[in-house]
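Shown next, in structure tokens, is the structure this report addresses.
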Amino acid sequence: MCYTHHDTGKTGEELAIAWLLQNNFSILMRNWRYKRYEMDIIAEKNGVLHFIEVKTRRSQAFGFPEERIDRHKIRRMLRTGTAFQGQYRQWMQVQYDILSIMLLHNQPPEYYFIEDVYL
């Protein structure tokens, strides 16, 4: 079956929501936008606000999903998170995370959660 990049991304975000809920996160917002930036998932766990970038791949041909996060993407995440905090000031603790999901044919999804990412 042929999947588009968009299909893979949407599937990954749905799987990410389910995984986060199973791991005791509360989902606050999905695809929150600020100007031209977007945060995939904004969640809370134990009083900490989590800005979560979800990366999903269906093949290892081009490496692991998390390898697509570079300095530029981290800066965009930080700008988006700062804008969110400007509107919702109640959060004292904030964390930026990556949830990498590998969807290989006939195998269960593989999740790799990288917490508190900074470059």
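With charges only on Cβ, +1 for K and R and -1 for D and E, what is the dipole size of segment 5-114 about its Cα centre, in debye, rounded to 20?
Result for segment 5-114 is approximately 520 debye, rounded to the nearest 20.
Residues in segment 84-119, backbone N under 14 Å from the label point at F64 (7 Å along the Cα-to-beta-carbon vector): list them, ranges by number please.
Under 14 Å, as judged by backbone N against the label point of F64, lie 98-103, 110-115 of segment 84-119.
When averaged across all projection directions, what area in nm² does the alpha-carbon convex hull of segment 5-114 cover? Numbers along the way, then the final one.
Details: hull surface 28.1 nm².
Approximately 7.0 nm², given one-decimal rounding.
Starting at the first residue of segment 72-82, write each ³J(HN,Hα) from the Karplus equation 6.51 cos²θ - 1.76 cosθ + 1.60 with θ = phi - 60°, in whole Hz, x for Gly and Pro.
For segment 72-82, the Karplus-derived couplings read 4, 5, 4, 4, 5, 4, 5, 4, 5, x, 5 Hz, x marking Gly and Pro.
Let me test this: with uniform point scatterers at the alpha carbons of segment 3-55, what is the Debye-based log₁₀ I(q)/I(0) at q = 0.14, 0.17, 0.21, 0.32 1/Å?
Reported log10 I(q)/I(0), two decimals: -0.37, -0.53, -0.76, -1.26.
No value in this document is a laboratory result; all are computed from the given coordinates. What you see is a predicted model, and the numbers here were worked out from it, not measured in a lab. FYI the Cβ positions are ideal-geometry reconstructions off the backbone, even for glycines, and counts take in every protein chain you see.
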